[in-house]
Every structure is written in structure tokens, then in C-alpha cells.
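What follows is a set of notes on a single structure, which appears directly below.
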Amino acid sequence: MAEIPAPARERRVGRLLATLIVVLIVIGGVGSFLIARGRWWMLPVASVHGVEIDRLFNTTLVVTGIVFVLIHVVLAVFVWRYADRGTGRAAYWHDDRTLELTYTLIPAAVMITLVSMGAVVWAQVHSPPPPDAMVVEARGEQFGWLFRYPGKDGVFGRIDPARISVKDNPMGLDPADPASKSNIVTRDLHLVLARPVRVRIRSKDVIHSFYIPAFRVKQDAVPGMTVEIWFTPTREGDYELACAQLCGVGHYIMRGKVKVESQDAFDTWLAQQSH
Amino acid sequence: MAPTTTPTLELPRTPREPGRPAGGGPRGGGPGDGSAVPSSVSPARIGAWLLVAAITVLFAAFTSTYLVRRNAGDWPAVFLPPVLWLTTAVLLISSLTMEAARRAAGRGTRASLRRWLGITTVLGLVFLGGQLVAWRQLAASGVFMATNPHSAFFYLLTGAHGLHLAGGIGALIFALTKAPAAPTHAAALDVADPVATYWHFLDGLWLYLFLILYGI
Amino acid sequence: MAVAHETTHEDHKLSWIRRYVFSQDHKIIGIQYLMTSLFMALIGGTLAMLIRMQQGWPGTQWGVAKFLFPGGFTGDGVLKPDFYLAVVTMHGTIMIFFVLTTALSGGFGNFLIPLTIGARDMAFPFLNMLSYWLYPPALVVLLASFFVAGGAPNAGWTSYPPLSAVPAAAPGSGLGQSLWLISIAILIVAFLFGSLNYITTVLQLRTRGLLMTRLPLITWAQFITAILMLLAFPVLLAAAVMLLFDRHAGTSFFVPTGLVVGGRLLTHQGGNPLLWQHLFWFLGHPEVYVLILPPMGIVSEILAVHGRKPIFGYGAMVLSLCAIAFLSFLVWGHHMFVSGMNPLVGSAFMVTTLAIAIPSAVKTFNWVATLWRARIRFTSAMLFAIGFVSLFLTGGLTGIFLGSPAVDTYLHDTFFVVAHFHFVMASAALFGLFGGLYHWFPKMFGRMMNERLGRIHFWLTFVGIYATFFPMHFIGIAGEPRRYYSPQMYEFLRGLHPLNVFVSLAAFGLGLAQIIFVYNFLHSLFRGQKAESNPWHANTLEWQAPSPPPHGNWGAELPTVHRWPYDYSVPGAPDDFVPQTTPVTAVPVAGGAGDDPAGDSPEHA
């Protein structure tokens, strides 16, 4: 079709379809968002920081949503309006310092705003934990989670990987360390409502990621490192803990259970745990 | 590395032609018109510098890992095989002889060019031999790649440097066959200069590696 | 090959093998890169279909599939989890390194650089041939991993150790992982030879009058991309070598002390897995731009040529290319916000990451501005270029979520990320590739592609991509982690099933639509309408050579350049295009466009 300009009919159809598709993207994008928001969206937030993260997410969504619609509408209008009609020439127009400066500075201003907001929330998430926070250790392995509460003395005993045995000592506690005696190792994670919790995240083998969607919490469990994060659950109930970093064949079954309950219920549960 | 002959084209021109506009050319033909190419630098020289840049990044990656790793605590340093002092000296001298070769190429004294290139090649081989002796000395005292992190990096860095130096010896041999036979001074220099650039770089790189492995 | 009969007398002295197989001609090498990449795209695409089969209908018995991939399915035809991970890993690796990088940089770079700068070939033709001929061995080694014990690697294209370092950690972490590393190392050497060649060629072999400020944007993009490749790939090479030593020589660069894998305590001491991530992403992020800069250049050319209008803001386009390239080296940490890296470092990476959005936004606005008061011809190439702008915009906007570490904490490693990069990098780059093929096909093969089929291909692909990847954002927002064999273990993911089915169906449609392209490509190669030398009435130098150009590209005389490449619709000129070779005496340089529009560019040579 080296024919230039193309036949009139072909041009008209091309123009119509091109415009239509861009319009469809806008309608499809916005429409699918409206449908998804009710059915396929984030779990209801259940932590203090989660509220801030959601707010930042929503702000970003509004800003990007506006830009998405705006640029696509402009694109549709241009495609419709400036299709080749076989007559006349395009404008010989290729530089406009003012225009270019405007659309460099506006995104820059938007970005600076978003960066500042993001920095504030990020600083909150990683602020020093409150002194009354409880402590628990979460250790990932192929393919499951194990938790350790320090017990009465509040001290975690030494770990010796050589002592790890699936049946008797899955955590690898070193009995030579007196602090190990009071440590309590569990398969489920129980947390106290409205009480900040510091989670020390470790791994036995490869990299895992400690991910509780309802709390908007995610932190890689890197072998050889202990990374600590903290958060405050705000709603009682059962939650799911998932692994978010590819860790091998059973990555998808590495599910953990999390229960948020009152201090009393928590104390009762902890007392029942053997060891 | 930089063949100037292009058998596929079979044209009376080399692909470098535009890099060397004949005479002045219509430089002032119109507004903004002029010869685009800044010229006396041959593609091979630019290529040599780009190669140096890529290898610098490679070693920056190795050594930044080394520096991070070294601060991680457990760090039993392995002993310094004494032969490394000798190899370092040899490599430094080879840089001088390489420079002599490059100057000889510039002056157009072919016999001298051939002699200095030959000496540099021999010194390069001596250096590589010395590095192998250092490996043997370490291995004899029970230090292998997996022994500890320092030994792992020692073998890795000296090995990677040695491979690049072996490539340099290949380039020297190529220069030895091509440069003294070149028709003009400029052509001889076009061969010798990139090789010299690469060789001096390997020399500097070795000093840096030697320094971070044992000095600081 | 179709070009055989088009060549001139000059190359008849060479044997067929030297001319078309071990050729040193940049055009043949470019076409070899392209053809091999398209072949690899078929494999990578098939793997994507397998991924969607599993995601849409986990646990289903696929009777036929088990005959096609005997090792990957159980006796009843259920896809095995380790095979699923192998497929995911190989899909990513193939598409990123073996399709998009090779096609866009190796293919278009090789074909177009000498032609657009008025050179007869690359600066180092032999090195160029070597660059291509390292590619087939690399892909053979990569594909061989499917057939060794344990199968292809399971660790993802990012190959994070210890999973990738310890053979006992996953079936694919055996020989398959070593082959992957070796293959990537070979390919990196090929890329380095290529990029060294491109940079030297652009700096040294420009024809008379072709100032850097008169380079077409495609050539600028290839030039900057080559610099990125030269400075980024050696880092991955270093990392791959160290990982190979960890796997085979017992060293501990990346493997820490005290790992217990498969019930056994490992002897490795004191390595650090995060070091790999730093090295990998120091390459990995520039690599993303290696994929997207050439399409940016391609799209800039197409919008100008098929819009019959000068590209808007040439100087800003060049500057933003440079800015993106520079910033791309400073943003790698945004892949590691939740890795355990110091949170303060995370803040720094957030700043650089969102900063890179600014030059990207400038480019997008410039493309849109180019369309203002244009005379748009809806050719297939143009449609793909407009589609690129839409996809790049959508993907760029979702990147803003991920660049903010607090939001990324939630979205990291979910399907939202998968959706994001499939828009901004994969689909956008693919659209650049398609647009480029429709645009330059006549120059490459001397024949036109079928426009009607091209447009149908565009519609189906464009709709298919939005239908596949847009809903994937919601799957991610709902929290489904990527690389899950099946989400069925989790209550909170159960409701996503219909969405996953929809995405899979859309993906199959998208996959099928590519058959139209394959047919059009092959058919046009042999039966396409003969192309004239300048079918689109374009200005750049490659269109002033015959289609396809003979060996040596130009006749006895090299072209001389008198103006920038975007003199379209110049008022008062006889035609609506003024080739770069038109002397200023014939058509005066309008509005100062012939002078350096980007004289202030930092890259100005």
C-alpha cells in the first residue's frame, strides 16, 4: 500500500477506528476499575500503618487516574482531528520552550509532592518501635513459617543451625544457652489487639518474604540476616501470612496463620503452648 | 580486534572512509554544514578506550563486592606469596617497554618497534608465569579458592586479571605481526596505540588489585 | 532469503556462506539478529501460554500438553510445580535477553546505525560478526537446560541466591541453573562486542555534514543504549562468575553461614545474598532502559514520518534520553525496598526513581505534541507507534505506585508488578519492535508488508494487551504474589479466579493474534509487493539508499548531509518531505531547523 496518500475511504475508517480504540481504552480502564473496586481489591486494612499506606495508594491512584484519562482523551482528540485528509500540510512546528518547560515543571511538581508524601509514610513505617511493643521471631523455611516468643525473661536464646531437627528442635535452639529454656516455638502467629509488635524476621535456607496482606506488611526473610519490622494490628480476627519471595517449588503453599486477639486470650494461648 | 580489512565488502574503499574526508571537502556548503567527524582518532583507539571502560566496570563490580564483604567480620587474610612483588615489578617494567614501543611506532623506527613489542610480550608472559607460581605457592600451603573469603577473592581477582592480560598478550602478538609491517608511521601507530592503552590499563588495574588485596 | 537477487555485482566474489551465514555485513547481521529473536519470541510466547494455562485453570489435566512437554507434566497431564517455575524463569529470561534486547539493539541497531549515519558498515565488522555468532551458542546452552536433570532453572530471571546457588534448594538449581549462568555470560560478551561497535561507529563513521545534532532520534537512542549496555552488562557478568564459583568451587560470595537446606547443614561461610541483588539490579534496571530506549527512538521516527511533521522538541528528546540513561544507574535499589536494605537508602532510591519519571513524562508529552496539527497516516507502523505511547503511559503511571517504598511494601512481588512491567517494558518494547518492523521491512527486504493484515494485527494485539495486563493490576492489588503455582491455598485469593480466567483467555487471544503477524511477515518476505527506495517519503539517510541496500550501502559517492532529519511539511518546499541530503540551495533551511536544535546537548561531540 505504498499509495500516498491512501484512498479516502481507507483514511476515514482508519481515523475512526484509531479514535475509537483510544476512547475504548479510557472507558475500559475506568470501567474495569469501578467494577474491580467492589470485588477484587485490597483486604480491609487491619493495621495502623496500613491506613497510611492505603491513603498514599489512593492519592497516587487519583493522580495517575487523572493523567491516564487526560492524556488518552488528548490522544483521541488529536488522532481524530489531525488525521490526514489528503489535503494541506502539517504545521511546521517543532519547538516551544515555554510549552516544554511547562510540561517538565508540572510533572516535577507532582513528583516532588508524591515523593514528600511517600517519604513521610515510609519514615513512619520504619520509625523506632514503641517501648511497650511485644517481640516475636518469624523464621521462614522451605516451606512454612515458625514463630518464637521469648517467654518470661524476654530474651531469645542462641540458635545453632547444626541442631535443627524437624521433629525435636525445628528452630535449632541451643540448650546450652539458659535463655532458650523459656522460649516458646509455635506454628501459628498470635498477636495482641492494638499492641505494637516487633517481628524479627529470619530464614533457615533461602530468601522468603513475610507478607500479611491485611496489615500491608511485607519484609524479605534473608538468610544470614535478622531484619526487624514493627506494626500494630487494629482488628481482631484470623489473617493469612504468605510468602512473597520465590523460594522454591513449594513457594505457593507457604501459608501461615495469624490470629489477632485480646491480651487475655493471647496469654491463655501462649500458656498452652508446650515447650 | 579491529580488522581494517573487510573481505565481505570487496569494495575499493574501507568502511573507515567517511572518518577521513579527502582533502577539505565542502565544509562551508550551507548553514551548519561541515565535516562531522573530528578526526585523527582511529576507530581502534576509541574501541580500546571503550573496552577499558567495560573492563573497569567489571572490576568495579568485583572489587566493590570485595570491599563490602571484607567489612563483614570473619576475615582471615591469606599470606602474600613473595613472588607477587617480582611479578608486579615485571608488569611495571613492561608498561615502560610498551611505551617505548608506542613511541618507536610514532617515530617510525621499525626495528625498535619490533624489539620493544617483543620485549613487552616476553615480560607479559613472565608476569603470567609468576602469577601461576603464586597460585602454586598458595595451594602448596593449603590455601584454595574455598578456604576463606580472602582466598576466594584472591583467586577470582588474579584469575580475571590474568585472563584479560592473556588477551593483551594476544593483542601484542597481533601488533607484532602488523605494526612493523605497516606502510606508514600513522598506520603503525594506529595498531600500537590501542594495544598500549590496553596494556597500561592492565598495569594500573593490577596495581589497584594488589593494593586492595594486600595494602589496605 | 528474499534479498538474494537484489544484491549488486560487487559481492559476487563471496561464497554464499560468507555472504549470508558468516557475513560481516551489518545488514545481514542485523537481519540474523532479528530472525533469531523472532524465533525465540515464539518459544517465549509459548511459555507465556503455559503460564496462563496454569494460572487460569490450576490443577487441570491437559491431555495433549504432556506429549509436548513430557517432563513437565504428571502422568495425568497436570503441570508440575517445578516445571511451572522453570517456565516462568525461562519466559522472563528469553523475552528480556534473547528477544527484546537482541531484536531491538542487535537487530535494529545493526541494521540502522550505519545506514542512518551514511556509513558503509560498522567500525569493526569482524567483531560484529563475532557478536552475532555468540548468540546462537548462548541460546542453545539456555534451551539445553530444559533437557538436563532437574530441568530448567526455577529461581526466576533474577536468580536470587541462595535459591539459585544451592543445588538442593530446588530441582532447577542443579545443572540447569549453571547452564543459565553460562548462557547469560556468553550473551553478555556478545552484547559488549556489539555495543563497543555501535559507539565507535556513531562517533567515527558519520558521513560528511552529519553532526551529532543532526542524528535521527533512532540513532541517538541506539547510541545511548549502547553506552548503557557497555557500562551495565559487565556487572552481571561479574555476578554470574561469582555465582558459578559459589555453585561449583565452594566459595561463599553470596551464600551465608549456617544454611540448612534439605535437612543438611551447608559448609558455606559468611556470604551475603543481598550483594547479588545489588549487582543484579545495577545491571537489571539499566537493562530495562536498554529495552525501552530503542523503541523510544523507533516511535519518534515513525510519529514524524507517518505524521508528516517534525518531531516535537528534538533537543528535549535527546536530553531526556541522556537523563534517563544517567538516572537508570541510580535507581536499582527500588527493586529492593523490602529486601532488608537500610530504610534511609530506600528513601534515596525513591527520589531517584520518581526523578526518572520526569524525563519519561517529557518524552510522552513530546510525542503527543508531535501529533498536534499533524497529518496522521494510519499505517500499521503509525498505529503501533500510537499504541506504544498509550502503553508506555499506562505502564509509567503504575510505576509511580511502585517507586514509592511504602506503597511498594504492599505491592512488591505481587501481580501488580507483573502488570506494570508488562506494560511499560514488555508490551511497549514489543510495540516498538512491531512498529519498527512494519516501518523498515521495505528497507530490509525490498518488499512491503501487507497493510490490511498489519492493521488487524494491531487491533487484536492492542486490545489483547490491555485485556490481558490491565486486569492483572487488580489481581496484584488484591494481593496475589507473583510466581505462585496456584493461589488456591489462600482464602483471600479465592475470589480472583474469574479474573484469572479472563486474563488467561485474553492472553490466548493475544497469542493467537501473533499468527497473523508471522503469516504476514513470511508471506511478505517472498510475495510482498515490491518496495521503492523511499515508500514512506521519509527524510533519513537509510531511505536514500536502494531497498534493500546493496553491500556497502551507497554507490561510489557517500551521501552528504545538509540538514536535520525532520524537515517534514516545510512551508514552501515542493514536497512535504525534504531528505537530509537535499542541499540548502534547493530547499532553504526553515526556521533555523538546520542549525543545531540541540546545540546544548551534553553529548554533543
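The values are calculated or read from the model by the stated rules, or taken from the named source; none is laboratory data. The model shown is predicted, which means the values in this text are computed figures rather than measured ones. All Cβ positions, glycine included, derive from the backbone under ideal geometry; neighbour counts span all protein chains shown. Just the protein is used for accessible areas: all its heavy atoms, side chains included, with ligands, DNA and RNA removed. Shrake-Rupley method; radii C 1.70, N 1.55, O 1.52, S 1.80 Å.
Give me the percent of the accessible area of the stretch B:70-216 that comes from carbon and sulfur atoms, probe 1.4 Å, all protein chains in place.
On the way: 4600 of 6350 Å².
Here carbon and sulfur together make up 72 percent of the probe-accessible area.
How many percent of the accessible area of chain C is carbon or sulfur, using a 1.4 Å probe? Working shown, then result.
Details: 10980 of 15860 Å².
Reported share for carbon and sulfur atoms: 69 percent.
Which residues belonging to the stretch C:292-318 lose at least 50 Å² of 1.4 Å-probe accessible area when the assembly is complete, relative to their chain isolated?
Hits at the 50 Å² cut-off: C:PHE312.
For peptide C:120-129, how many partner chain Cβ atoms fall within 10 Å of a residue's Cβ, on average? Kindly include the intermediate steps, with their values, before the conclusion.
On the way: counts 9, 7, 3, 10, 9, 9, 8, 4, 0, 1.
Across the residues of C:120-129, the mean count of other-chain Cβ atoms within 10 Å is 6.
Given the rule -39500 (n - 2.57) for each run of at least 4 DSSP H residues, summed and divided by the residues of chain C, what is its mean residue ellipticity at 222 nm, to the nearest 500 deg cm²/dmol? Intermediate values should be presented prior to the final figure.
On the way: 17 runs with 329 residues, N = 605.
Mean residue ellipticity at 222 nm (helix-derived): -18500 deg cm²/dmol.
What is the spin-label model distance, in nm, from B:PHE79 to A:ASP188 if the labels are put 7 Å beyond Cα along the C-beta direction?
Taking the simple label geometry, B:PHE79 and A:ASP188 are separated by 6.1 nm.
Are there residues in the stretch B:57-79 whose accessible area shrinks by at least 10 Å² when all protein chains are included rather than the chain by itself, and which are they (probe 1.4 Å, ligands and nucleic acids not counted)?
Those are B:VAL57, B:LEU58, B:ALA61, B:PHE62, B:THR65, B:VAL68, B:ARG69, B:ASP74, which lose 10 Å² or more relative to the chain on its own.
Along each principal axis of its Cα atoms, how long is the stretch A:134-272 end to end? Whole angstroms, biggest number first, please.
39, 36, 24
Need the list of lysines near C:LYS443 for cross-linking: C-alpha distance under 16 angstrom, and skip anything on the same chain fewer than eight residues off.
C:LYS27, C:LYS530
Within a 10 angstrom radius of each residue's Cβ in C:360-371, how many Cβ atoms of other chains show up on average? Whole number is fine. Please list the in-between numbers first.
Numbers: counts 1, 9, 6, 0, 4, 9, 4, 1, 5, 9, 4, 8.
The mean count of partner-chain Cβ atoms within 10 Å per residue comes to 5.
In the calculated pair distance distribution of the stretch A:105-201, what percentage of Cα-Cα distances lie above 23 Å? Please list the in-between numbers first.
Working: 2050 of 4656 pairs.
Cα-Cα pairs of the stretch A:105-201 separated by over 23 Å account for 44 percent.
Between B:LEU125 and C:VAL345, what FRET efficiency follows from the Cβ-Cβ distance if R0 is 41 Å, with the result rounded to 0.05?
Values: r = 46 Å, r/R0 = 1.11.
For R0 = 41 Å, the calculated efficiency reads 0.35.
So how compact is the stretch B:43-215: Cα radius of gyration and Dmax in angstrom?
Answer for the stretch B:43-215, Rg first and Dmax second: 17.6, 59 Å.
What's the buried accessible area, both sides, between C and B using a 1.4 Å probe, rounded to 100 Å²? Present the calculation step by step, with values, prior to reporting the outcome.
Working: alone 22720 and 11530 Å², together 29730 Å².
Counting both chains, the buried surface is close to 4500 Å².
Taking only Cα atoms and a 10 Å spring cutoff, compute GNM fluctuations for chain A and point out the largest among A:THR234, A:THR98, A:THR60.
A:THR98
With the convex hull built on the Cα atoms of the stretch A:38-83, state its orientation-averaged projected area in nm².
Values: hull surface 16.9 nm².
That works out to 4.2 nm², a quarter of the Cα hull's surface.
Note down, for the stretch C:517-581, the three equivalent ellipsoid semi-axes (square root of 5 times each alpha carbon gyration tensor eigenvalue), biggest first, whole angstrom. Intermediate results must be reported in sequence, preceding the final value.
Working: eigenvalues 141, 61, 15 Å².
For the stretch C:517-581, the ellipsoid semi-axes come out as 27, 17, 9 Å.
Let me know the volume per residue of the alpha-carbon convex hull for the stretch C:396-519, in Å³. Kindly include the intermediate steps, with their values, before the conclusion.
On the way: hull volume 13.6 nm³, N = 124.
Spread over its residues, the Cα hull of the stretch C:396-519 gives 110 Å³ apiece.
Quote the convex hull volume per residue of the stretch C:304-438, based on C-alpha atoms, as a whole number of Å³. All intermediate terms of the calculation are to be shown ahead of the outcome.
Values: hull volume 13.4 nm³, N = 135.
Given the Cα convex hull of the stretch C:304-438, per-residue volume reads 99 Å³.
Whole-Å semi-axes of the protein assembly as shown's equivalent ellipsoid, largest first, each the root of 5 times a Cα gyration tensor eigenvalue?
Working: eigenvalues 489, 317, 125 Å².
Equivalent-ellipsoid dimensions as semi-axes: 49, 40, 25 Å.
What is the calculated FRET efficiency for C:PHE326 to A:LYS152, with r their C-beta to C-beta distance and R₀ = 60 Å, to the nearest 0.05? Show your work: numbers first, answer last.
On the way: r = 56 Å, r/R0 = 0.93.
FRET efficiency, C:PHE326 to A:LYS152: 0.60.
Can you work out D for chain C in µm² s⁻¹ from Stokes-Einstein, where Rh is the Kirkwood radius over C-alpha pairs, the temperature is 20 °C and the viscosity is 1.002 mPa s?
Values: Rh = 24.9 Å.
Estimated diffusion coefficient is 86 µm²/s.
Please give the per residue accessible area of the protein assembly as shown, computed with a probe of 1.4 Å over protein heavy atoms only, in Å². Intermediate results must be reported in sequence, preceding the final value.
Details: 37380 Å² over 1096 residues.
Ligands and nucleic acids excluded, the figure is 34 Å² per residue.
Kindly tabulate the residues in the stretch A:103-122 with an accessible-area decrease of at least 10 Å² between the chain alone and the assembly of all protein chains, using a probe of 1.4 Å.
Those are A:TYR103, A:THR104, A:PRO107, A:ALA108, A:MET111, A:LEU114, A:VAL115, A:GLY118, A:ALA119, A:TRP122, which lose 10 Å² or more relative to the chain on its own.
Listed highest first by mean packing, meaning other Cβ atoms within 10 Å per residue, what order do C:507-518, C:424-435, A:162-173 come in?
On the way: C:507-518: 17.4, C:424-435: 26.4, A:162-173: 15.2.
Ranking the peptides C:507-518, C:424-435, A:162-173 by packing returns C:424-435, C:507-518, A:162-173.
Going out from 0 in 10 Å bins, what whole percent of all Cα-Cα distances in the stretch C:40-120 drops into each bin?
All Cα pairs considered, the percentages come to 17, 37, 20, 13, 8, 4.
Set the Förster distance to 45 Å, then compute FRET efficiency between C:SER15 and A:ARG9 from the Cβ-Cβ distance, nearest 0.05.
Details: r = 50 Å, r/R0 = 1.12.
Once rounded, the FRET efficiency stands at 0.35.
Length gain on complete extension for the stretch C:LEU505 to C:PHE22, per 0.36 nm per residue less the alpha carbon to alpha carbon distance?
Values: separation 483, 0.36 × 483 = 173.88 nm, distance 4.24 nm.
Here the answer is 169.6 nm.
What accessible area, summed over both chains, is buried at the A-C interface (1.4 Å probe, Å², nearest 100)?
Details: alone 17310 and 22720 Å², together 30360 Å².
The buried area between A and C, both sides summed, comes to about 9700 Å².
Heavy atoms only, probe 1.4 Å: what % of the accessible area of the stretch A:134-272 goes to carbon and sulfur, would you let me know?
Working: 2550 of 5030 Å².
C and S atoms contribute 51 percent here.
Hey, could you get me the Stokes-Einstein D for the stretch C:366-430, Kirkwood radius over alpha-carbon pairs, 20 °C and 1.002 mPa s, rounded to whole µm² s⁻¹?
Values: Rh = 13.1 Å.
Answer from the Stokes-Einstein relation: 164 µm²/s.
Could you work out, residue by residue across B:144-150, how many beta carbons of other chains sit within 10 Å of that residue's beta carbon, and then give the average as an integer?
Details: counts 3, 5, 9, 2, 4, 6, 0.
Averaged over the peptide's residues, the number is 4.
Taking each pair of different alpha-carbon atoms in the stretch A:1-97 once, compute 1/r for the pair, average those values, and report the inverse of that mean as the Kirkwood hydrodynamic radius in Å to one decimal. Display every interim value, and only then the final one.
Working: mean 1/r = 0.0585 Å⁻¹.
It is 17.1 Å.
Find the centroid of the Cα atoms in the stretch A:23-50 and in the stretch C:353-418, then give the distance between the two in whole Å.
20
Show that you can apply the helix-only estimate: for chain A, add -39,500 (n - 2.57) for every DSSP H stretch of four or more residues, divide by all residues, and state [θ] at 222 nm to the nearest 500. Display every interim value, and only then the final one.
Numbers: 4 runs with 105 residues, N = 275.
My calculation for chain A gives -13500 deg cm²/dmol from helical runs alone.
Given C-alpha coordinates of the stretch C:71-195, what is the ratio Rg to Rh with the Kirkwood estimate of Rh? Could you put the intermediate results ahead of the total?
Details: Rg = 17.3 Å, Rh = 15.7 Å.
Using Cα coordinates only, the ratio equals 1.10.
Starting from the Cα-Cα distance between C:ALA149 and C:THR585, subtract it from 0.36 nm times their residue separation and give me the gain in nm to one decimal. Numbers along the way, then the final one.
On the way: separation 436, 0.36 × 436 = 156.96 nm, distance 7.00 nm.
Residue separation times 0.36 nm, minus the Cα-Cα distance, leaves 150.0 nm.
For chain A, what are the per-bin percents of Cα-Cα distances with bins 10 Å wide, up to the bin holding the maximum?
With 10 Å bins starting at 0, P(r) equals 6, 20, 23, 16, 12, 10, 7, 4, 1, 0.
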